[in-house]
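First comes the structure, then the notes that go with it.
Throughout, read-outs are computed from the coordinates displayed, never taken from laboratory work. Just so we're clear, the structure is a prediction, and the values are computed from it rather than from any experiment. No Cβ is skipped: glycine too gets one built from the backbone with ideal geometry, and neighbour counts run over all protein chains shown.
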Amino acid sequence: MNQDIVLEAIDIGKVFGDVLALQGVGLKLQANSVHALLGENGAGKSTLVKCLMGYYRPDSGQIILRQKEQVIDSPQQAARLGLGMVYQHFTLIPNMTIAENIVLSRPSLPAVIDWSKEIRALQSRMADMPFQFDLQRKVRDLSAGEKQKVEITKQLLLDAEILILDEPTSVLTPTEADEVLEKIHQLTRSGSLTVLMITHKFREVMRYADQVTVLRKGRFVGAADVTQVNPQMLSDMMVGGESISKPPAREAHASFQARLKISGLQVNNDQGLPAVKGLELEVNEGEIVGIAGVSGNGQKQLVEALSGQREVTSGNIFAHGEIFVSNQRSIDKHKFYCLPEEPLKNACVGNLSVAENLVLRRFNHPAFVYWRWLLNRSAIRRNAEKLIAQYKVRTSGPDQAVSALSGGNIQRVVLARELAQEVSVLVISNPCFGLDFKAVADIRGQLLAARNRGTAILLLSEDLDEILELSDRFHVISGGELVYQTTPAQADLNTIGQYMAGH
Amino acid sequence: MSGQDIGLWSVLIAVLGGAIRVGTPFIFVSLGECLTEKSGRINLGLEGNLVMGAMVGYATSYLSGSPWLGVLAAAGSGCCLGLLHALLCQHKRVNDIAVGIAMMLFASGLAFFYGKPFIQPSAPRLPSIGFGNWSDSPVVRAALDINALFFIGVILAPVMAWFLMRTRWGNSVRVVGESSDAALAMGISIHRVRLLSTVAGGAFAGIGGAYLSLYYPGSWSEGLSSGQGLMAVALVIFARWNPIYCLYASLLFGAAAALGPALQSVGIHSGYYLFNAAPYILTLAIMIISSDRKGTLGGMPGELSK
């Protein structure tokens with residue numbers, strides 16, 4: 001039995017400053033299996049993996065590789081020991097070809113590179129690889145799925161025996177994700193590979209993993225064969241005893257009045273090429289309309305056009321039947337608010353306090369000023385205290401700089417600011433990206449509550465699960481066009497995946 | 001009729017000769033800048049390296065009697081300035097542009113300070129090869145009087161292109177310049193690659209400076225450089241970070257700079273100052289074209305846009 005353990009981490013501890021990132025964490029990888037490493041953001045998954053890959057030296061504990069203790073102090077040494085990792089943020093070079101990327105990653109390059117010889121050697125090895133592609137293509141022209149395949153192939157060509165995948169499917173369509181994981185699974189079965197996969201998707205764990213290890217707040221919670229667990233058990237292990245707020249029930253609305261209407265909208269990207277092409281869309285009162293799609297299909301440009309950050313080439317945006325141009329007067333009149341992704345960058349002033357950020361849109365409102373021009377600091381503070389309590393923002397107080405908050409709390413602050421007033425139309429993009437379970441549940445609950453109050457919400461998200469959970473109906477965006485429309489009840493993952501991939 | 005012909009020919013030959021004569025320092029500075037930028041860093045301080053190289057080269061040539069020793073010393077001074085730039089930039093949150101401007105002022109000031117005693121004396125100059133000796137025409141002879149450094153520059157460009165594409169070290173430079181994430185994952189030391197690239201780039205700029213003081217214009221004075229170091233930055237953008245294109249672009253800049261004097265030599269005096277401004281107008285035009293948001297800038301190292 002012990003023979004089968006190819007890699008074992010025992011009692012790993014790691015401290016950053018005064019933060020305990022890992023404490024007494026253990027991990028056992030069985031040869032030729034897929035092992036899932038599960039945990040919320042900040043649970044220590046990445047830290048553990050980086051200790052294995054030699055990016056960090058653990059402060060305590062041992063790493064045993066093929067029954068021998070190893071001290072791994074650089075990624076290069078990890079590579080020599082047969083460990084390879086595919087990072088969530090790809091490390092391919094966009095301006096180079098696939099062949100250049102793969103050849104240059106080889107540790108023992110000759111001083112003078114004979115490219116034609118290298119490429120011939122590469123081509124002869126490609127036959128044994130699970131994925132095939134044209135080696136002369138530039139990486140910048142590849143889709144996220146293709147990049148993922150190139151990254152995996154690169155590691156396999158480097159003779160990685162243990163492959164670590166960090167959230168391998170986070171940027172892939174469901175179809176691409178299944179294809180990649182299916183191939184990975186087959187490789188482990190053919191006896192040449194062991195895979196450790198960081199993920200937070202239960203479906204992937206249940207379907208493709210053999211064993212699972214769960215971490216929470218830097219500690220080991222449990223490990224099991226996948227056959228002996230179910231998603232509910234995994235979820236309980238991940239979040240521990242913390243209570244997750246239940247989403248409010250969906251209330252039906254009697255009247256369906258179009259609050260936001262987009263007609264023939266054309267928007268260009270930074271290169272001057274059309275990114276949003278003739279978009280037609282309506283969002284009614286008390287309705288969440290989702291837009292699902294892989295990142296980079298025009299979502300960013302659409303949100304920027306709606307929020308007035310980007311010029312509209314042609315077409316119109318209507319709010320309550322009137323043409324809407326994003327300026328302070330029509331924003332106030334139509335109660336039309338946009339929440340772009342990455343709120344710290346796009347919707348907050350990081351160095352201002354939480355209280356100031358909470359009135360950023362309305363600091364000149366009569367409730368917050370004396371004699372029309374002097375800020376009423378105590379009113380601003382009272383407003384902040386109320387919203388902090390109501391939206392469960394974890395902060396040291398209203399005067400703390402907003403940039404010092406965690407991602408989930410920044411999103412709570414921004415949502416509190418936008419939803420504290422009456423909101424008629426809300427456009428929101430990836431509201432839960434990178435947040436932990438509890439924050440996700442809170443934020444989704446707030447969005448549903450706003451919907452029940454009658455707000456028309458346009459939700460753009462790269463997370464299909466989020467779209468399925470929140471929206472009343474949704475579109476799929478691909479190449480700047482809405483290519484498919486359905487409702488969560490009727491949605492078929494396969495069909496949606498096809499449309500997301502642009503087929 | 002034939003008089004006009006000779007005039008036109010002599011302008012063309014003078015422009016060609018000027019392209020070579022004025023363009024040579026551009027070749028060195030732009031290749032230096034190209035190498036540094038390929039590693040993902042901009043060194044605006046090369047103007048300082050140029051002035052310092054001119055002073056050190058001239059002084060060394062004067063004191064030792066050997067202009068080639070002067071060229072070597074100029075390269076050495078460029079190395080030192082490049083090293084200083086690289087070391088300053090290695091600190092977190094230090095902006096390479098700001099350091100470059102500081103270095104430019106620092107190096108020029110230092111060169112003026114130590115160069116005072118060398119303004120008067122005349123140092124041995126770099127020899128040139130008379131490719132025009134077959135001709136009776138003094139215009140042709142002057143135009144084809146070519147310095148050896150030009151040939152070194154012409155060889156340096158393809159060598160650098162070969163180095164960047166075909167060698168392990170050169171590819172490390174490209175990887176570091178394209179993506180520091182990728183470099184980290186490959187185990188390439190970003191600091192070391194950028195340091196060496198900046199040092200080597202600084203040395204090339206120093207050689208360019210030595211050419212100014214030891215060949216053309218051929219003496220040391222405070223007004224020696226007319227911003228070639230800064231124009232080289234625009235030139236590299238124009239050349240799309242390709243060493244071979246850097247060579248062509250340098251010759252184009254040289255030709256633009258030679259236009260005014262060439263026209264004057266055949267008696268066209270009107271618009272003399274306007275023609276003299278040609279290289280600056282060219283720089284400006286390139287900057288406007290290349291900063292057009294709608295056009296994508298091919299060949300730009302990925303790390304430069306961050």
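For A:Val171, no residue has an amide H sitting under 5 Å from its own, ignoring neighbours fewer than 5 places away on the same chain, with H placed 1.01 Å from N.
Magnitude of the charge dipole for the protein assembly as shown, about its Cα centre and with charges confined to Cβ atoms of Lys, Arg (+1) and Asp, Glu (-1), is about 1360 debye.
Sites counted here are chymotrypsin sites (Phe, Trp or Tyr not before Pro) in a DSSP loop (not H, G, I, E or B) having no more than 15 other Cβ atoms within 10 Å; the longest part of chain B that contains none of them is B:135-306. Neighbouring Cβ atoms from other chains, within 10 Å of the Cβ of residues in A:85-91, number 3 on average. Proximity of backbone amide H atoms, modeled 1.01 Å from N, is registered between B:Ile129 and B:Ile146, B:Asn147, B:Ala148 at under 5 Å, excluding neighbours fewer than 5 places apart on the same chain. Only Lys, Arg, Asp and Glu carry charge here, each on its Cβ (+1 for the first two, -1 for the last two); on that basis the stretch A:416-489 has a dipole of about 260 debye about its Cα centre. Projected over every direction and averaged, the convex hull enclosing the alpha-carbon atoms of the stretch A:258-500 yields 13.0 nm². Of the trypsin sites (Lys or Arg not before Pro) found in the stretch A:276-360, none is in coil by DSSP with at most 10 other Cβ atoms within 10 Å of its Cβ.
Among A:Asp465, A:Asp210, a tally of other beta-carbon atoms within 10 Å of each Cβ gives an order, fewest to most, of A:Asp465, A:Asp210. Each residue in A:Leu458, A:Leu265, B:Leu16 was given a count of other beta-carbon atoms within 10 angstrom of its own, and listing them fewest first yields B:Leu16, A:Leu265, A:Leu458.
With contacts taken as Cα pairs under 8 Å at a separation of at least 6 residues, the stretch A:258-500 carries a relative contact order of 28 percent. Within the same chain, aspartates and glutamates fewer than 8 places from B:Lys116 are excluded, and of the rest, those with a Cα less than 13 Å from its Cα are B:Glu222.
Straight Cα distances below 16 angstrom link A:Lys335 to the lysines A:Lys261, with same-chain residues fewer than 8 positions distant left out.
Residue exposure proxy: A:Thr487, A:Thr169, A:Thr313, B:Thr36, ordered by other Cβ atoms within 10 angstrom of their Cβ from fewest to most, comes out as A:Thr487, A:Thr313, A:Thr169, B:Thr36.
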